């Protein structure tokens, strides 16, 4: 799970459009889990290309979950 969560972080940080597909893969991976709703909420700003907001929310989720993504 931590690898899936870590994948979009550098893409979001660099405002890469590949972050959108990568984030959707993450959403599919966490579907039917306790964090699915939080991840979906975090991803809402992708449609506005607000990668900074998505990145901030994703970082907050990873911290709250205690996931080690190897990235800050």
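Of the listed values [x] -0.31, -0.50, -1.21, -1.30; [y] -0.20, -0.34, -1.20, -1.67; [z] -0.40, -0.57, -1.03, -1.15, grab the one calculated as log10 I(q)/I(0) by the Debye sum over Cα atoms at q = 0.11, 0.14, 0.25, 0.29 Å⁻¹ from the structure here. So the calculated entry is the one marked [y].
Shown for 22, 29: other C-beta atoms within 10 Å of each C-beta, ranked fewest to most, produce the order 29, 22.
Taking 7 Å steps out from each Cα toward its Cβ at residue 3 and residue 25 produces label points 1.0 nm apart. Exposure proxy ranking for 49, 55, 11, based on other Cβ atoms within 10 angstrom of each Cβ and starting from the fewest, stands as 49, 11, 55.
Every read-out reported here was derived from the displayed coordinates using simple, explicitly stated rules and does not represent laboratory data. Values in this document were obtained by computation on a predicted structure and should not be read as measured data. Cβ atoms come from the backbone with ideal geometry, glycine included; neighbour counts cover every protein chain shown.
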